[in-house]
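Below you will find the structure I want to go over with you.
The values are calculated or read from the model by the stated rules, or taken from the named source; none is laboratory data. Just so we're clear, the structure is a prediction, and the values are computed from it rather than from any experiment. With ideal geometry, Cβ positions are generated from the backbone for all residues, glycine too; neighbour counts draw on all protein chains shown. In case anyone asks, the SASA skips ligands and DNA or RNA and just uses the protein heavy atoms, side chains included. Shrake-Rupley method; radii C 1.70, N 1.55, O 1.52, S 1.80 Å.
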Amino acid sequence: MPGLSILPVNAFAAEPLITASNQVKVGTLPLLAALGVGIAVAVGSVIAFLHMTAKGKEANDSSSTTVQDDDPFEDSSIVDWNDEGAMSSLEYEHNPLTDYTIPITQLLTYPDHVEAAAPGEPSLCGVVGEHSGSCYRILNRRLSFGRDPSQCAILFPIEAAQISRLHCSLRFMEESRLFVLEDHGSSNGTFLADGQRLEPGKSYELRSGQRFSLSGHEHWFEVRDDA
């Protein structure tokens, strides 16, 4: 028709496509830029980590080399126990208590130490039983009889059940030349030669030549003073 200009249909269709393509390009640029920055930061971090690791390894190698190059560590307080001369330099060796073992028998303290009597001096002699044939010194001491080694000098076997742990005791009075016998509450008693049983805690005087027994007639003793 006159006066109408006919435009191709493709011209109108292509214009929106071009516009959309340009918009896509414009919107993608920030994303690409951000992606590039992220990659750069990651690469930089990896490089920095590798660099720090290398420095740390160099520092460790340097410190270990320094220790190996120095003189060996020596501590005078450490003792080579395999060295025979090492112990001689220790201070505690000068203390005699460290190299002396106290015998177990010396740990027991006795009120009286039994000793063999010398001829002519006051003595206690065993006549029958455990101490038969032995004479003990009694001057200036008290002799205790029993099974307890911590209390008694005239000892009996632990299996001697008829004897108490602390049975009786005997002492000598030099002024009067008499012997004093005392029972300490023994289970089976202490007896004079006439059969009299001693009362516990009571003192009985004996003259030279008199005898007494423990627990009946199994263990007999005689006191002697030849002065």
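Roll a 1.4 angstrom probe over the protein heavy atoms and tell me the percent of accessible area of the stretch 137-181 that is carbon or sulfur. Please report the intermediate quantities before stating the final value.
Details: 930 of 1910 Å².
Percent of accessible area from carbon and sulfur atoms in the stretch 137-181: 49.
Quick check on the stretch 184-227: what does the Kirkwood estimate of hydrodynamic radius come out to from the alpha carbon pairs, in Å?
Radius from the Kirkwood sum: 11.0 Å.
Can you work out the PRE-style zone for Q196? Point 7 Å along Cα to Cβ, and I want the residues of the stretch 151-173 with backbone N under 19 Å.
The answer is 168-173, whose backbone nitrogens lie closer than 19 Å to the label point.
Expressed as a whole percent, how much of the Cα-Cα distance distribution for the stretch 136-193 exceeds 15 Å?
49
Diagonalise the Cα gyration tensor of the stretch 118-219 and give the resulting equivalent ellipsoid semi-axes, square root of 5 times each eigenvalue, largest first, whole Å.
20, 15, 13
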